[in-house]
Amino acid sequence: MLRRNDCADLLRHMYRIRLFEERLKRYYDYSGYFQQNSPEAELERSAGLLTSTLYDFASKGMIGGAVHLYIGQEAVAVGVCSLLRDSDYVTSSHRDHGHFIAKTANLRGALAELMGREGGVCGGCGGSMHLYDRQHGFLGGNGIIGGQIPLALGPAFAARYNGTDQVAVTFFGDGGANQGTLYEALNLAANWSLPVLFICENNLYAATTPAAIAFPGPDIAPRAEGFGVPAITVDGQDVLAVRAAAEEAIARAREGHGPTFIEAKTYRFEGHCGSAGHADPEECALWRQRDPIELFRSRCRAEGWLTEAEQDEIRTAVCAEVDDAVAFALQSPLSDPRHLCRFEI
Amino acid sequence: MPNITYLRAMNLALHEEMARDDRVFVIGEDVADAGGVWGVQKGLLQKFGRNRVRQTPISESGFTGLAVGAAMTGLRPVVEIMYNDFITTCMDMVVNQAAKLRTMSGGQLKVPLVIHTPGGGGTCEAAQHSQCLEAWFAHVPGLKVVVPSTPYDARGLLKSAIRDDNPVYFMEHRLLYNMKGEVPREEYTIPLGVADVKREGTDLTVVATLLMVHKALAAADALADEVSVEVVDPRTLVPLDTETIVQSVRKTGRLLVVQEAPTFGGFGSEIVRQVTEQAFDALKAAPRVLGAKSLPMPFSPQLEKAIIPQDEDILAAMGAMMP
């Protein structure tokens, strides 16, 4: 049963992801691996090629490296993570900001991490693709497509081993869905009734490769049925639809009935990496009409769950949270190489 | 002291550690009812039950990933990879995941995981069942690498590996499995990072690992009238007890490394580098590595012998080190 407070929380979390990422766009440079203003950099920028950035941390103190934005997919992370406890676990992909924020709400730790600061959630050792917050059950993004999927079996196994009702969730994209790790993991999870949610965010592109040429058909979920794993396809732009599917899957997992596969049809509104826009602006414009935040706002108004003013208040409050995260990150010292010795073995 | 096999010594270590700590479990192919294809897990199922002795489908990536995730969240898995050659199928879980998690997470996570796996040739199993891949793992920051050569070392080092909070690549040699040696009745551990001088000598230091330790010892005995050979077994490549090796070379002035892995790009080169940097002044002859030829292992026993260093090759190399 959805309550008024739940709606406010869902909207707040989606805004946290959206506004956090909109803000961090201001802080990274996209001159590529080349000298700024060089012909090569210009060419790269105009071609909208995907690349990472080489940034002068010390002098500019902002964000470098590869940054993969989640904007457009917020309903998926929030729909699922809104039902998880701190003691449940999540593993995620290279596009992990959304899942991290939805699970931990740790904007300060995330932004300082992206800026390579001591105050970062990993002290600057992880960066955008490797956010971790063990206390809140976030076991990392992953730089290897599909690498995070078998890892999620571990906490699920540990829950069964220790006799707890914790669950593990692994998020991956249509790209990750073509890695062999998924199928090994589905088979093991099904065989051992592990409490795992496999959440496939089908955003239609693996970097630049359209799902249309990477899959023989439009749907990924039916593959899981071959392993005897219940599979469901949901509208990934509809936070309530995602949440409803996750609710059933989580209940099944907690009761010891094993894994569920959820394919959420979604879309990223930005390019694969960095600040390049989406490779297909026309298609993107159509999807932007189904912005998960705007869809949910309309629904809240129509159902009388939240007024326009209440929604705006939430947005304003999240803006302040993001301001606070930026201020926190900027005042945090750059990561200190002297601290690296603690990792030597 | 009882005389037991290397296999039994490993098995004993697993029994002891599983009894000592409920978080320890074993996972891998054929490890439950059969007690492992090698017998390393013999009796564990009967004693500790299926929850802690997990037999898997042939999905190295899947179950090694599971073990990494379980280690991150409080358990202490011991994974068996049936042949070290098969680890290529789960290389990502070992190299990109297990090895890096502690640092990537800024120290929030630890991965107390042991991956044990037999390697080595001389068994007519050809190119995909005969390799010594230990140098790959020594090259990856974040992993410890253990290479025991005797039953005594296997038991003590496996116990330490299981108690270690870092991921450990623990490599056996199939031709050592049935080798017997004295092992105390009472419990003991051997710290990771401490070499063992298996034979004392004054003219030549031979650093050897795994099966080559025994071949080097036999060669040293055969040459005993002419050359006084010291045989040092590092026992762990990471951390490496450079101090013991350098001390030995300072005494003898000569270094020969004998390894079963290919010479080119192997771990022996690293030992030579460290000794050269730290004890160049003590060297009376150019240090040398004797290892396998750089060819995929052929099947025929005659061809196999042409690849792996044989007794006569070791004798010749030792002789050539002397004036």
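Taken together, the values in this text are just the output of simple stated rules run on the coordinates, not laboratory data. Since the model is a prediction, treat every value here as computed from it, not as a measurement. Don't worry about glycine lacking a Cβ; one is built from the backbone with ideal geometry, like all the others, and counts go over all protein chains shown.
Points to keep in mind about this one:
- Note on A:ARG23 and B:ASN51: with the Förster distance fixed at 60 Å, the Cβ-Cβ geometry gives a FRET efficiency of about 0.80.
- Label point 7 Å beyond Cα of A:ALA214 along Cβ direction - residues of the range A:178-192 with amide nitrogen under 14 Å: A:178-182
- Taking B:ASP85, B:ASP313, B:ASP225 in turn, the Gaussian network model of chain B (Cα-Cα springs below 10 Å) assigns the largest fluctuation to B:ASP225.
- Taken along the Cα-to-beta-carbon direction at a fixed 7 Å, the label points for A:ALA317 and A:SER298 span 2.6 nm.
- Chain B, helix-only ellipticity at 222 nm - DSSP H runs n ≥ 4, -39,500 (n - 2.57), divided by all residues, nearest 500: -10000 deg cm²/dmol
- Shielding of peptide B:53-62 by partners, expressed as the average count of other chain Cβ atoms within 10 Å per residue Cβ, is 5.
- For the protein assembly as shown, dividing the convex hull volume of the Cα atoms by the residue count gives 173 Å³ per residue.
- Only beta bridges with both residues in the protein assembly as shown are counted; by DSSP, about 20 percent of them are antiparallel.
- Once the convex hull of all Cα atoms in chain B is built, its volume per residue stands at 127 Å³.
- Estimated dipole of the range B:196-321 in Debye, rounded to 20 [Cβ of Lys and Arg +1, of Asp and Glu -1, Cα centre]: 240
- Computed on chain B, with alpha-carbon pairs under 8 angstrom and 6+ residues apart, the relative contact order is 16 percent.
- Averaged over the residues of B:98-104, the number of partner chain Cβ atoms lying within 10 Å of the residue Cβ comes to 6.
- Computed from Cα atoms, the angle from the helix B:267-279 axis to the main principal axis of chain B rounds to 60 degrees.
- Label-point separation in nm, A:ARG85 to B:THR88, each point 7 Å along Cα→Cβ: 4.5
- Point-to-point label distance, A:LEU340-B:LEU283, nm (Cα→Cβ direction, 7 Å offset): 2.8
- Comparing B:MET91, B:MET104, B:MET18 in a Gaussian network model of chain B, where Cα atoms under 10 Å apart are tied by springs, the biggest mean-square fluctuation is seen for B:MET104.
- The distance linking the range A:305-344 with the range B:28-86 is 42 Å (Cα centroid to Cα centroid, whole angstrom).
- Label point at B:GLU182 placed 7 Å out along Cα→Cβ; residues across the range B:131-158 whose backbone nitrogen lies under 19 Å: B:149-157
- Size of charge dipole - the protein assembly as shown - debye, nearest 20, with Cβ of Lys, Arg +1 and Asp, Glu -1, no other charges: 900
- Charge-dipole axis of the protein assembly as shown as Lys and Arg at +1 and Asp and Glu at -1 on Cβ define it, positive-most pick from B:LEU176, A:TYR27, A:ALA264: B:LEU176
- Comparing B:GLU243, B:GLU312, B:GLU80 in a Gaussian network model of chain B where C-alpha atoms under 10 Å apart are linked, the largest mean-square fluctuation is found at B:GLU312.
- Estimated purely from DSSP H runs of n ≥ 4, each contributing -39500 (n - 2.57), the mean residue ellipticity at 222 nm for chain A is -13500 deg cm²/dmol once divided by its residues.
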